[in-house]
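To start, the structure itself, in structure tokens.
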Amino acid sequence: MESCNCIEPQWPHDDLLMKYQYISDFFIALAYFSIPLELIYFVKKSAVFPYRWVLVQFGAFIVLCGATHLINLWTFRIHTKTVEVVMTTAKVLTAAVSCATALMLVHIIPDLLSVKTRELFLKKKAADLDREMGLIRTQEETGRHVRMLTHEIRSTLDRHTILKTTLVELGRTLALEECALWMPTRTGLELQLAYTLRQQNPVGFTVPIQHPVINQVFSSNHAVQISPNCPVARIRPISTKYMPGEVVAVRVPLLHLSNFQINDWPELSTKRYALMVLMLPSDSARQWHVHELELVEVVADQVAVALSHAAILEESMRAQQQLLEQNVALDLARREAETAIRARNDFLAVMNHEMRTPMHAIIALSSLLQETELIPEQRLMVEAILKSSNLLATLINDVLDLSRLEDGSLKLDNGVFNLHTMFREVLNLIKPIASIKKLLITTNLATDVPEFAVGDEKRLMQVLLNVIGNAVKFTKEGSVSVTALVAKAESLRDARTPDFIPLATDDHFYLRVQVKDSGPGINPQDIPKLFTKFAQPQTPANRNSGGSGLGLAICKRFVNLMEGNIWIESEGLGKGCTAIFVVKLGSPERSNGAMVPFASKPLVNHIQSSFGGLKVLIMDENGVSRTVTKGLLMHVGCDVLTVASSEECLLAVSREYRVVFLDLSMPGFDGFEVAVQIRKRFSKRHERPLIVALTGSADRLTRENCVRVGMDGCVLKPISVDKMRSVLSELLERRTVFEPL
């Protein structure tokens, strides 16, 4: 028997199966190569997928498998029909599954990336939550420390307490080894160690403010870590055993340091900084944390705010104390001024009374002597005595008026009066003097000047007499013209007199009076001096004028009381002078009958020269004054009885006496009480004598008291013969005579 071949004969070659195997190996290799790439992409994008090294190993395995199939493309050999069918079927299935897997991974990898492992997710969230809770706890702790520090700092407004408390609380809160505060010196060139936490006597140590480390801290808004060897940090004891702890420094804005000093601290600093240095313990490896630095920065800002509040309070308290001291000083000065004014007024009142009594004797006796037979030389001497006495009496009145004007006690005595008549009376008084000097006086009252007006006739007349009298006095030759008109308020406004603001009303009008003379004139620079009391321009005319320098000063105050203005105009020496004043007067038809007591009355129709048979009783304590008054009354024909006391007067008074002159300053019963007793004794007015006060007190209260007790008149000393005739004539005709003050 022949031996057989064990190898099964080969099947016929099938090209189609070979193509299927070839294509299947290609797709298997392609799928195997794409799957690792997709896994690499997944691992790269996934931040939480664990065991990445397993995926890397699995990817390497698949790549190698794919490589074997790729190699099979070049290592095909002929197999049996059965093997080829099985291999073709397996490869086709493998290729289909591999490609399906590769395509499926393309779609599910994004979904896998969005799905995180629950355990890792929870761990990560727990870690994040722990970090957030730690941050919150840190912030709460920092906030608590800040609130505590802020409360401690702001619990006082004393700057030194604020700064010392800040160091103590920071040292306790942050467990510091040392904490120091450096303040700028007065010059601003150095920092001085002002406060420390541990050291007892640190004050006096200084470092230059231009040190690089200090500049670095001052230029930053945050806390800056500095070297422990920096000059501002070398304040703790030197230790070689431990490394020094970390040091930070922060600037403290000094918003205001007014009068807040410690040694050389500046009085005022608005753009300077203090330096706060904080040191951790040397025996630990502790480091500064962010929240601790934030705490330090917040505290530095709070210290700056507290210092500014303290500065404001100190300034306020200082200003309040200064204001209190000023108020006390002003109150003391006011009391002293009031005391001085009262003393001055009392002195003037006493001097006024005491001076009028001897002046009464001088003027009365001189006027009596003037009416006797005298030789020319004697008459000149008597006239000189009278002129000087009248000048002295005018000076007394001016001083008294000025005193009352300055202390505000002088009030206007407003009433209805005849304005035209007042001008005529003033001119009648001035013309005799002007005729002696051969001066021409002309008057011009505009047609719009009303006949009657409401105002203080006596004070307006005093201003007119003074202004016109000055023009006559200083004019040696030529003329004096007086013009009066009603001026509109708008025309009176002048930028040179901003304090005078005329206002037009229906109840009032402004009277403008101009007095122009051809006298020596005035230098323009001397015009302001004219209205200053006791001041006169030094001109030849003034040196011989004999004035006191009070006339125009008093006139200005009277005009101001009448809500007016007065001024002088002159082009210079030798060119004359013009005085102009404006006063505000009321219209009587629109003033609702605004009358006050003692309104001026027209003069009596006829002044008697003799009063023969008129029985008069005089009560006066002063013997000289009593004798002088008796001489005046006897000279005009009266039958006179004099008494020296109140008791004698009450015993002597009877119906046969027509007039009783009473001196008010009497010992025991004064003149007012005597007047009351006389009125009680004579119940019927036509039976009792006319009671007239003869006094040297020229104040309103005296006159009001005379009216209160029922007196019929009040006459001021001194009295001349002509004045006595005028007083008696008015008293007998009107049964009252009150001389205006």
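Using modelled backbone amide H atoms (1.01 Å from N, in-plane), which distant-in-sequence or interchain residues come within less than 5 Å of residue 480's amide H?
Excluding prolines and chain starts, which carry no amide H, the hits are 440, 441, 442.
Can you give me the % of accessible surface on the stretch 431-478 that is carbon or sulfur? Probe 1.4 Å, all protein chains present, nothing else counted.
59 percent
When only C-alpha pairs under 8 Å and at least 6 residues apart count, what is the relative contact order of the stretch 605-741, in percent?
So the answer I get is 23 percent.
Based on the Cβ-Cβ distance from residue 427 to residue 383, what FRET efficiency comes out when R0 is 22 Å, to the nearest 0.05?
Once the sixth-power term is evaluated, E becomes 0.45.
Count the net charge of all other residues whose Cβ sits under 14 Å from the Cβ of residue 632, scoring Lys and Arg as +1 and Asp and Glu as -1.
Result for the local shell: +1.
Compute the distance in nm between two label points, each set 7 Å from the Cα along the Cα-to-Cβ direction, one at residue 490 and one at residue 687.
6.7 nm
Would you mind working out the accessible area per residue for the stretch 398-515, using a 1.4 Å probe, and quoting it in Å²?
50 Å²
Express the carbon and sulfur contribution to the solvent-accessible surface of the stretch 289-415 as a percent, rounded to the nearest whole number, probe 1.4 angstrom.
For the stretch 289-415, the apolar C and S fraction of the accessible surface comes to 64 percent.
Between residue 339 and residue 451, what length comes free when the chain is fully extended (0.36 nm per residue of separation minus the Cα-Cα distance, one decimal in nm)?
35.8 nm
Residue 41 to residue 189: extension gain in nm, 0.36 nm per residue of separation minus the Cα-Cα distance?
Stretched fully, the residue 41-residue 189 segment lengthens by 46.7 nm.
Find out how many positive minus negative residues lie around residue 647, taking Lys and Arg as positive, Asp and Glu as negative, among other residues whose Cβ is under 13 Å from that of residue 647.
Summing Lys/Arg as +1 and Asp/Glu as -1 gives -4.
I'm a student and want to see the number: the projected area of the Cα convex hull of the stretch 603-730, averaged over all directions, in nm².
Result: 7.5 nm².
Kindly provide the Kirkwood hydrodynamic radius of the stretch 319-392 in Å, to one decimal, from all pairs of distinct alpha carbon atoms.
16.1 Å
Expressed in nm to one decimal, what extension gain is obtained for the pair residue 483 and residue 15 from 0.36 nm per residue of sequence separation less their Cα-Cα distance?
My answer for the length gained is 153.2 nm.
Where the centre of each part is set by its Cα atoms, how far does the stretch 174-189 sit from the stretch 343-366, in angstrom?
Measuring centre to centre over Cα atoms gives 78 Å.
Under 10 Å from the Cβ of residue 663, count the other residues' Cβ atoms, weight Lys and Arg +1, Asp and Glu -1, and hand me the total.
Summing Lys and Arg as +1 and Asp and Glu as -1 gives -1.
Can you send over the carbon and sulfur percentage of the accessible area for the stretch 612-721, probe radius 1.4 Å, protein chains only?
49 percent
Hand me the trypsin sites (Lys or Arg not before Pro) from the stretch 269-328 located in a DSSP loop with no more than 10 other Cβ atoms within 10 Å, in residue order please.
Taking the stretch 269-328 and a limit of 10 other Cβ atoms within 10 Å, the loop trypsin sites (Lys or Arg not before Pro) found are 271.
Where only protein heavy atoms count, and the probe is 1.4 Å, what is the accessible area per residue for the stretch 625-741 in Å²?
Each residue of the stretch 625-741 exposes 41 Å² on average to a 1.4 Å probe.
Which pairs break 24 Å Cα to Cα here: 516/717; 387/723; 438/516; 387/615?
From 516/717; 387/723; 438/516; 387/615, over 24 Å: 516/717; 387/615.
Do any GluC sites (Glu not before Pro) in the stretch 404-465 lie in a DSSP loop with no more than 13 other beta carbon atoms within 10 Å, and if so, which?
When the GluC sites (Glu not before Pro) of the stretch 404-465 are filtered for loop state and at most 13 Cβ neighbours within 10 Å, 451 remain.
The values are calculated or read from the model by the stated rules, or taken from the named source; none is laboratory data. In this text the structure is predicted, and so the values were computed from the model without any measurement. Note that we place each Cβ from the backbone using ideal geometry, even for glycine, and neighbour counts take in every protein chain shown. Quick note on the areas: whole protein, heavy atoms, side chains included, nothing else; ligands and nucleic acids left out. Shrake-Rupley method; radii C 1.70, N 1.55, O 1.52, S 1.80 Å.
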